[in-house]
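One structure below.
Read-outs throughout are calculated quantities, based only on the coordinates presented, and are distinct from any laboratory measurement. A quick note: this is a predicted structure, and the numbers were derived from the prediction, not measured.
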Amino acid sequence: MAHQADSEIKRGLAQARGHIDSILSMLTEERSCIDLAQQLQAVESTVRKVKRALVEDHMQHCIADAANSGTMSGDEALRQFKALTKYL
C-alpha cells in the first residue's frame, strides 16, 4: 500500500542505512565505543522518526479516509487505531 509519506520514509530509511554502514566501517577501524554509541543513537532516532511518520500517515490517510468514505466501519477503524498505538 502506498503512503503519502513514502518519500519521507524512504529518505529516512536511506539515512539510517548510511548510519549503519558507518557503524560497520567504524567497527573495522576499531573506533571508540563512544563514537559507535553515538552512531547507534543516530540510527535509533532516525528509525523512530520513520516509524512515527508511517504510523501517522496510516492513521490519517488509510484509517480516517476509509472510515469517512464508509469503506471501513467505525469499529474496524477503532480496532486498527488501537493496534497502531502500540508502535508510537
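Structural remarks
- Note on ASN68 and LEU24: the extension gain reaches 11.2 nm, defined as 0.36 nm multiplied by sequence separation minus the Cα-Cα distance.
- Estimated from helical segments only, the mean residue ellipticity of the chain at 222 nm is -25000 deg cm²/dmol, where each DSSP H run of four or more residues counts as -39500 (n - 2.57).
- In degrees, nearest ten, helix 74-85 long axis to first principal axis of the chain (Cα): 10
- Fully extending the segment from ARG11 to GLN60 would add 15.6 nm, taking 0.36 nm per residue of separation and subtracting the current Cα-Cα distance.
- When you restrict to C-alpha pairs under 8 Å that are six or more residues apart and normalise by the size of the chain, the relative contact order lands at 35 percent.
- Scattering curve values for the range 6-85, log₁₀ I(q)/I(0), Debye with Cα scatterers, q = 0.14, 0.15, 0.19, 0.22 Å⁻¹: -0.59, -0.64, -0.79, -0.92
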